[in-house]
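> Dumping the structure here so I can ask a few things about it.
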Amino acid sequence: GLCLLVLRVFIGVHVFLVSCALPDSVVRRFIVRVMCSVLGLLVRQSDPRLRAAGARVFIANHVTPFDHNVVSLLTSCNTPALSGAPGFICWSRGFMELGVTGSRAELVDSLKEYSAHQGNPPLLLFPEEAATNGRAGLLRFSSWPFSILDVVQPVALQVRRPLVAVSVADSSWITELLWTFFVPFTVYQVRWMPSVPRRADERSEDFALRVQELLAMELGVVSTRITAADRTEHMKRLRHTSRLPFAPGGHPWGGPGYETSAWALLLGGPQVPPSLPGGAPEDVRVGAMAQQVKEVLPHVPLEVIRTDLVQTNCVDTTIANLLEGRVPFFPESKEAGDLPAPSTSQAAAASGIQGSVAAPSSKPATKQFAKSSVERHLSLQERKRALYDYARR
């Protein structure tokens, strides 16, 4: 793999120079496509006769950062740069710079003007606005690509490679390029679909939804309502709540077989060695979650935490069970003195944090909620948040 990587980096430089030197033509596309096959990037297409000669807008699902480069090896097309600073990097990656930095309405107006000139190549747009691995479903299509023209041609993309997952969530385009050079090959399958016209009085949102359903049927996946913004928010939560490459129990990547969950299939699981095809072993995953619970409840024996986690498979549920007394245990003497009282009662912990008690109670703590009106009016989330704050001090 490393030998292939080093060799293909040097070959890739030559491919880039050739693609820059030659003008856009059938000869250039053929030469670059052959050179890309040496890089391990194999491009196949089915039903090329379905590609409409007069198509002005191609609509494709988004799998990798190089989808537009792959399609441009088959036909002349341009993809506008929607994010990132314009400059050499943007140009070298094959994006078209429009100089529009404002709203989507300004972008649509600029693309309409671009499409009005018949001499310009067709547009290749990705309404998902974020890459997925294409194994489970499509992100919700944005409506702005369907406001440009009344006829679009869908293009179904599928990517597969051995050993390493395609389009791992939160990875950069450089990482994806290096993995492409590292593995023996990456196969891009491009399937052209018949053009889809807008119906009479059909809104752009409904037009986008209809094309999304057609693409999902062609790919054999579901058409989800998860947006690119939802994906971004999900990745922020994963980075915030876990230091591991997968999220424990309460998150979509947690639990046995987490790689087959909807989010993991949409976004791509963590890249792992071939010896661990399913991610981390079960005991390692449970142990990681147990350590998180142990940081919040240091007086609870680790074995008790692990036993409950095997049943609940959720950090928050296990913490709630321990705090509410559903799981009996004997506090560890080493940490018992660090808490207001050696108890799993959520109320006792909360009262110690709020300063309502100045010293550990001489009365043995029970495994039930306290009876005082103040503690009784504390909500579960408030007491849990108070316990978190106390554990961090």
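> State which residue pairs qualify: first residue within 19 Å of Ser37 (Cβ to Cβ) and inside the range 13-26, second residue part of a loop (DSSP other than H, G, I, E, B) in any location, beta carbons under 8 Å apart, and separation of 6 or more residues or different chains.
Once the first residue is within 19 Å of Ser37 (Cβ to Cβ) and sits in the range 13-26, its partners that are part of a loop (DSSP other than H, G, I, E, B) give Val15/Leu39.
> Give the number of residues within the range 173-196 that are in a strand (DSSP E or B) and within 20 Å of Ser72 (Cβ to Cβ).
7
> Pairs please, first residue from the range 112-123 and in contact (Cβ under 8 Å) with a residue 40 or more places away in the chain, second anywhere and small (Gly, Ala, Ser) and surrounded by 14 or more Cβ atoms within 10 Å (Cβ to Cβ), Cβ atoms under 9 Å, 6+ apart in sequence or on different chains.
Pro121/Ser72; Pro121/Ser76; Pro122/Ala55; Pro122/Ser76; Pro122/Ser115; Leu123/Ser115
> In addition: Just the residues that are under 31 Å from the mean Cα position of the chain (by Cα), in contact (Cβ under 8 Å) with a residue 24 or more places away in the chain and open to solvent by less than 10 Å² (accessible area, probe 1.4 Å), please, taken from the range 297-319.
Leu309, Thr318, Ile319
> Yes or no: Ser37 over 16 Å from Asn120 (Cα atoms), small (Gly, Ala, Ser) and assigned by the TED database to the domain that holds Ser143?
When the stated conditions are applied, Ser37 passes them.
> List pairs: first in the range 86-98 and in the same structural domain as Ser110 (by the TED database), second of a type in the set (Gly, Ala, Ser) and assigned to a loop (DSSP other than H, G, I, E, B), Cβ under 6 Å, 6+ apart or cross-chain?
Cys90/Ala81; Cys90/Gly84; Phe95/Ala81; Glu97/Ala81
> How about the range 180-210: which of its residues are open to solvent by 70 Å² or more (accessible area, probe 1.4 Å) and under 20 Å from Val71 (Cβ atoms)?
Passing the criteria: Phe185, Pro194.
> Still on this structure, I have one more. Could you check the range 11-33 and list, in sequence order, the residues that are more than 31 Å from the chain's Cα centre (by Cα) and open to solvent by 70 Å² or more (accessible area, probe 1.4 Å)?
His14, Leu17, Ala21, Pro23, Asp24, Val26, Val27, Phe30 - these are the residues of the range 11-33 that are more than 31 Å from the chain's Cα centre (by Cα) and open to solvent by 70 Å² or more (accessible area, probe 1.4 Å).
> Only one residue in Leu39, Leu4, Leu74, Leu50 is open to solvent by 20 Å² or more (accessible area, probe 1.4 Å) and either modelled with pLDDT of 90 or more or under 24 Å from Gly134 (Cα atoms) (or both), so which one is that?
Exactly one of Leu39, Leu4, Leu74, Leu50 is open to solvent by 20 Å² or more (accessible area, probe 1.4 Å) and either modelled with pLDDT of 90 or more or under 24 Å from Gly134 (Cα atoms) (or both), namely Leu50.
> Let me ask something else about it. Going through the range 138-162 one residue at a time, which ones are open to solvent by less than 40 Å² (accessible area, probe 1.4 Å) and either under 28 Å from Pro184 (Cβ atoms) or part of a loop (DSSP other than H, G, I, E, B) (or both)?
Leu139, Phe141, Ser142, Ser143, Ile148, Val155, Ala156, Leu157, Val159, Arg161, Pro162
The values are calculated or read from the model by the stated rules, or taken from the named source; none is laboratory data. The structure presented is a predicted model; accordingly, all values stated were derived computationally and were not measured. Please note: Cβ atoms are built from the backbone with ideal geometry, for glycine as well, and neighbour counts cover all protein chains shown. Note: accessible area is taken over every heavy atom of the protein model, side chains too, but ligands, DNA and RNA are not part of it. Shrake-Rupley method; radii C 1.70, N 1.55, O 1.52, S 1.80 Å.
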